[in-house]
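Each remark here refers to the structure printed beneath this line.
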Amino acid sequence: MIALKILGSGGEVGRTALYVRDSGRKGLLLDYGINFDEEGRPRFPEHVRPVDIAGIVVSHAHLDHIGAVPLFYISARPATILTKPTLELGNLLIKDFLKISGYYIDYEWSEVVAMNDNSIILDYGDEVEVCGYNILLTSAGHILGSSIAYIETPSGHRIMYTGDINTIQTWTLDRAELWPKKIDTLIIESTYGGVKHPPRHLVEKCLVEAVEEVLDNGGTVLIPAFSVGRSQEVLMLLNVELPYATIYLDGMSKEVTELYLRNKRFLRDPELFRRVVENTVFVRGWIDRRRVWKKPCIIISSAGMLKGGPALYYLKKLGSERRNAVFLVSYQSPDSPGHRVFETGGLEEYGLKIEARLQWFDLSSHAGRDGLLDIIRHYRHYVKNVVIVHGEEESRERLAREARELLGDDVNIYTPLNGEEIMLEQ
């Protein structure tokens with residue numbers, strides 16, 4: 001009997017933590033991440049005893065999937081299975097997490113070092129056996145090094161876990177790589193399970209035209225963007241489409257871009273990315289930061305939701321001028337400054353009213369409803385269980401309804417909440 005316990009991401013976005021256990025054996029943990037409450041304090045998944053863990057599969061480096069993993073290295077040494085970029089990006093993001101939120105975190109950097117020392121690095125297509133569980137990773141198309149995990153348990157139950165997944169090709173990455181495998185259980189994210197994204201090429205065209213218009217009118221464009229993935233995506237798009245423009249990169253996005261360059265074989269077009277980086281001006285410190293915004297240019301900077309970082313500084317300097325623009329390209333959580341700026345046109349806590357052009361562009365790195373249904377359709381001839389996680393209620397229930405229409409009544413479809421345990425049909 002295979003048990004799947006939801007420790008996080010059940011009825012919520014982020015804090016992903018899933019515990020798969022074959023009867024009579026230790027279990028396999030699929031991610032162990034965090035999210036944040038309305039006060040910005042980290043929220044950790046439900047507990048599982050380290051002694052009960054055979055290994056930890058980390059799908060990618062975002063904190064909502066890796067941020068709590070080092071907790072297990074306080075008292076144990078499980079194997080962590082992931083790609084090289086996921087480990088390196090994870091180290092960078094966890095280091096920043098400890099710096100900002102260390103007061104609320106039970107582990108220290110020594111546990112991160114132990115995680116590194118006990119990691120099993122896989123390339124896409126590689127397979128490893130851990131305590132009887134066979135694990136294969138393929139590209140998820142979400143961020144650099146992100147993975148789909150195919151798992152066969154000791155008793156032969158076959159599981160596919162999507163992690164965060166993208167089914168379209170982007171400037172930096174190829175689409176997710178779905179292997180022609182028979183699976184019994186599909187564990188699938190549902191961040192945008194109720195949303196149909198607009199065609200990507202049209203969104204990109206609108207962004208390029210908007211940036212060009214602002215530059216032509218003598219303005220400066222600020223693009224707050226997530227450090228991992230979104231900054232590099234926008235950087236490539238604008239470098240290629242607007243080669244005459246001066247593009248500055250600031251914040252943690254700089255370190256992440258350098259890390260992307262060191263792992264460029266995971267990219268869709270490594271040589272193009274190298275040329276784009278060569279044509280980008282990296283902001284090296286406050287001397288640069290105080291001058292770059294004073295002339296027409298493009299500034300791509302973290303943080304993507306304006307929760308601090310250089311982007312907030314640039315917003316204060318550029319937001320009051322009508323000729324400038326603030327183009328949001330990242331998801332804006334309801335409690336974020338970016339969301340408040342977009343909804344109210346200002347940030348009351350800073351006495352800031354935005355006169356600059358303000359616009360949001362859907363450049364999501366998550367598959368929308370159609371892409372998620374395509375994944376389900378791909379495995380419809382074999383799958384017996386579909387478990388929908390990592391989504392708010394409306395998104396997961398919408399995806400569940402459409403999955404039932406697609407698969408019929410012979411397939412079990414679950415939308416579990418945190419703390420629930422599912423006994424999977426074999």
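Hey, any idea what the orientation-averaged projected area of the convex hull of the chain's Cα atoms comes to, in nm²? Write down the numbers at each step before the final one.
Working: hull surface 77.0 nm².
That works out to 19.3 nm².
Using the Kirkwood radius built from alpha carbon pairs, what does the Stokes-Einstein equation give as D for region 73-130 at 10 °C and 1.306 mPa s, in µm² per second?
Working: Rh = 12.4 Å.
Result for D is 128 µm²/s.
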Region 281-363: radius of gyration and largest Cα-Cα distance (Dmax), Å: 12.2, 34
Quick check: the distance between the Cα centres of region 296-335 and region 191-226, to the nearest angstrom? 13
Measuring from the lowest to the highest alpha carbon on each principal axis, how far does region 282-426 reach, largest first, in angstroms? 62, 29, 25
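Leaving out ligands and nucleic acids, and using a 1.4 Å probe, what accessible area per residue does region 106-207 come to in Å²? Write out the running numbers ahead of the final one.
Values: 3900 Å² over 102 residues.
Value for region 106-207: 38 Å² per residue.
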State the percentage of accessible surface on the chain attributable to carbon and sulfur atoms; use a 1.4 Å probe and exclude ligands, DNA and RNA. 47
Alpha-carbon radius of gyration plus Dmax, which is the widest Cα pair, for region 352-408 in Å: 16.7, 56
How large is the dipole of the chain about the Cα centre if only Lys and Arg carry +1 and Asp and Glu carry -1, each at its Cβ, rounded to the nearest 20 debye? 1020
Please state, as a whole number in µm²/s, the translational diffusion coefficient that the Stokes-Einstein equation yields for region 213-291 at 10 °C and 1.306 mPa s, with Rh defined as the Kirkwood radius across alpha carbon pairs. 120
Mind listing the phi-derived Karplus ³J(HN,Hα) values for region 77-94, rounded to whole Hz, using 6.51, -1.76 and 1.60 with θ = phi - 60°, and x for any glycine or proline? 9, x, 6, 10, 10, 6, 8, 4, x, 5, 5, 5, 5, x, 4, 5, 6, 5
Cut-off 10 angstrom, C-alpha nodes, Gaussian network model of the chain. Which of Gly319, Gly145, Gly346 fluctuates the most? Gly346
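Send over a whole-number figure in Å² for the accessible area per residue of region 247-367, probe 1.4 Å.
47
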Positive-pole candidate from Leu267, Tyr103, Gly8, dipole of the chain, charges at beta carbon: Leu267
Ellipsoid semi-axes in whole angstrom, largest first, where each is sqrt(5λ) of the Cα gyration tensor of region 86-173: 26, 20, 11
Quick one: putting +1 on the C-beta of Lys and Arg, -1 on the C-beta of Asp and Glu, what dipole do you get for region 227-318 around its Cα centre, in Debye to the nearest 20? 380
At q = 0.14, 0.19, 0.24, 0.31 Å⁻¹, what is the base-10 log of I(q)/I(0) for region 327-373 according to the Debye formula with one equal point scatterer per Cα and no solvent? Please give it to two decimals. -0.43, -0.66, -0.89, -1.17
Overall dimensions of region 1-129 as given by Cα atoms, namely Rg and Dmax in Å: 13.9, 42
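The values are calculated or read from the model by the stated rules, or taken from the named source; none is laboratory data. As the structure is a prediction and not an experimental result, all values here were calculated from the model. Quick reminder, even Gly has a Cβ in these numbers, built from the backbone with ideal geometry, and neighbours come from all protein chains shown. Accessible surface areas use protein heavy atoms only, side chains included; no ligands, DNA or RNA. Shrake-Rupley method; radii C 1.70, N 1.55, O 1.52, S 1.80 Å.
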